[in-house]
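Student: There's a structure below that I have some questions on.
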Amino acid sequence: MEVKLHAARSLVGRLRGAAAVHDGAATAVAIAEIRHATKDDPDIRAPLADAGAVPFLAAQLTAPSAASEDAAAALLNISISARGQLMSAPGLLDALTAALRADEYCAAHHAAATVYSLLCVEANRPVVGARRPLLAALVSLLRAAPNTRATKDALKALFAVALHPPNRATLVGLGAVQALFALIMTDGRSGIMEDATAVVAQVAGCAESLDAFTRMSGLRILVDLVEQGGASTPRTRENAAAALLNLVVAGGERAVAEVIAVGGAEDAVRELAEDSTASARGKGKAESLLQALECGGARRREHRLADFLNGLVQSDPYISSPASASTHG
């Protein structure tokens with residue numbers, strides 16, 4: 001490790017020297033060297049962070065330059081081995097926000113992937129969730145991204161953000177629901193659909209989601225995806241059922257009534273619950289949702305419905321609720 005630290009100090013020293021004399025060409029070369037080093041040698045990533053590389057790399061993201069893509073890629077690579085050093089670096093989240101907003105989509109998708117990497121640490125989720133400009137930039141990337149990688153990286157980051165329950169209402173307020181359903185309706189790529197519906201399922205787990213879903217005809221869209229043949233993959237179908245379930249758990253009796261009002265909703269959910277080819281996860285979501293809809297369909301069972309929804313939150317670790325963190329099952 002002493003050899004790695006010496007090599008890291010040498011690389012950062014060249015970058016520091018080039019930046020000190022404002023030599024753009026030499027700075028770009030030094031950053032490219034760091035990028036390649038972090039790609040080829042995982043053991044040098046943490047030493048580079050210890051040697052002070054992160055602030056210099058982050059500075060390249062705040063003002064777009066020829067080195068922005070290399071700097072963003074290097075930060076992503078370093079984040080895999082040194083998430084703590086990155087999160088503690090002053091200005092890093094602001095720099096990532098700037099990269100997400102930039103017209104350079106290669107830098108943007110590296111920045112989104114870095115945010116996702118940082119969010120793998122649960123303690124970082126409320127910190128990132130408090131950065132509204134960063135979250136807004138991720139949502140905007142869904143609308144603007146012209147390529148699969150940028151879109152998927154933004155979706156992965158938003159999914160990780162939404163794993164922290166208090167962040168869900170923030171995402172709703174920033175227009176994430178509109179952006180997600182627009183993506184679902186216009187992008188037929190199966191990987192994108194699976195990722196987008198997974199984020200929708202997480203965001204659905206807050207009381208603020210119901211009105212946003214209703215404005216986007218989201219309940220109709222989700223029911224159509226739950227129907228046999230309505231989704232391009234079984235995972236998308238299961239995610240749609242999970243979204244409806246999380247919505248009724250978070251939204252209570254009103255949400256149940258809204259779902260019931262969608263034509264064919266109960267039949268679609270029942271088909272999934274009885275589908276022998278569906279996964280245990282998908283069938284479980286559908287069965288719980290069907291019980292909620294059946295309880296909600298009889299006014300005399302209103303108290304039973306409330307008790308049932310509360311029981312779901314307490315007994316199923318995969319149910320998203322405003323009160324407890326959830327895991328993508």
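Student: Hydropathy first: keep DSSP H helices in the chain averaging at least -0.5 on Kyte-Doolittle, then drop any whose Cα extent along the axis falls short of 27 Å, and list what survives.
Tutor: 234-260
Student: Less than 11 Å from a label point 7 Å out along the Cα-to-Cβ axis of Ala261: which backbone N atoms in the range 223-255 qualify, by residue?
Tutor: Those under the cut-off are 254-255.
Student: Would you kindly state how much longer the chain becomes between Arg143 and Ala66 on full extension, computed as 0.36 nm times their sequence separation minus their alpha carbon distance, in nm to one decimal?
Tutor: Answer, rounded to one decimal: 25.3 nm.
Student: Still on this structure, I have one more. Tell me, what % of the accessible area of the range 164-318 is carbon and sulfur with a 1.4 angstrom probe?
Tutor: Its accessible area is 49 percent carbon and sulfur atoms.
Student: Based on DSSP H runs of at least 4 residues, each adding -39500 (n - 2.57), what is the mean residue ellipticity at 222 nm of the chain after dividing by all its residues, to the nearest 500 deg cm²/dmol?
Tutor: Using -39500 (n - 2.57) per qualifying helix, the result is -23500 deg cm²/dmol.
Student: Have a look at Leu155, Leu171, Leu183 and tell me which one the Gaussian network model of the chain (Cα, springs below 10 Å) gives the largest fluctuation.
Tutor: Leu183
Student: From Cα coordinates alone, what are the radius of gyration and Dmax values for the range 118-199 in angstrom?
Tutor: 11.8, 35
Student: For the range 164-318, what is the accessible area per residue in Å² when the probe is 1.4 Å?
Tutor: Per-residue value: 41 Å².
Student: Going by accessible area, probe 1.4 Å, with all protein chains left in place, what is the ranking of Ser279, Ser217, Ser209, largest first?
Tutor: Largest to smallest exposure gives the sequence Ser217, Ser279, Ser209.
Student: How large is the Rg to Rh ratio of the chain when both quantities use alpha carbon positions and Rh follows Kirkwood?
Tutor: Rounded to two decimals, Rg/Rh equals 1.07.
Student: Measure off, as a whole percent, the carbon and sulfur share of the 1.4 Å-probe accessible area of the range 1-132, all protein chains present.
Tutor: Within the range 1-132, the accessible surface is 55 percent carbon and sulfur.
Student: Moving on to the next point. Counting only the heavy atoms of the protein chains, how much of Glu271 is accessible to a 1.4 Å probe, in Å² to the nearest 10?
Tutor: 90 Å²
Student: Among Ala265, Ala240, Val226, which residue has its Cα positioned farthest towards the positive end of the charge dipole of the chain, with +1 placed on the Cβ of Lys and Arg, -1 on the Cβ of Asp and Glu, and the dipole taken about the Cα centre?
Tutor: Ala240
The values are calculated or read from the model by the stated rules, or taken from the named source; none is laboratory data. Not measured: the values here are computed from a predicted model. Every residue, glycine as well, gets a Cβ built from its backbone with ideal geometry; the counts of neighbours run over all protein chains shown. These accessible areas exclude ligands, DNA and RNA; they are computed on the full protein's heavy atoms, side chains included. Shrake-Rupley method; radii C 1.70, N 1.55, O 1.52, S 1.80 Å.
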